[in-house]
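The values are calculated or read from the model by the stated rules, or taken from the named source; none is laboratory data. For clarity, every value in this text was computed on a predicted model and none was experimentally measured. When we count neighbours, we look across all protein chains shown, and the Cβ atoms used for this are built from the backbone with ideal geometry, even at glycine.
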Amino acid sequence: MGGKLNFLERMTREIERARPHYPEALFIGVAHGASDNWLFLNAHTSIQVTDFWHATEYLAQAAGALFPHPRNGTQKMQWLEDKCHKLEHNPRRTRADYQGTEGTSHQRPI
């Protein structure tokens, strides 16, 4: 049995063991963007959040796609700094700020 499968089985057992002790608890899952993490977390949590480090990594990739030409380096860095600052200081606005509001057609959860 693989390491990740062992981990997921153990995590499932721990979640199932904790639920009866905290019936009113809000279960929140935190992970990076790997799709299998979200499949697992969707089944076990009410809210799913991308950790800050990975979210900023995705923003850096978006900045590279939005400003691919080297001559736009300053604009790219300003955009990235602005988005990272907003993410850190006003996290409730992340969906509105980062999903499709920049005129891009590709939307990816962050």
*Which members of the range 37-52 meet the condition of being surrounded by fewer than 13 Cβ atoms within 10 Å (Cβ to Cβ) and in a loop (DSSP other than H, G, I, E, B)?*
S46, D51
*Restricting the search to the range 15-33, which residues are surrounded by 11 or more Cβ atoms within 10 Å (Cβ to Cβ), within 30 Å of E88 (Cβ to Cβ) and free of Cβ contacts under 8 Å to residues at least 40 places away in the same chain?*
I15, A18, F27, I28, G29, V30, A31, H32
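Identify, from the list L80, L87, the residue that is modelled with pLDDT under 90 and part of a helix (DSSP H, G or I).
Criteria check complete, one pass: L87.
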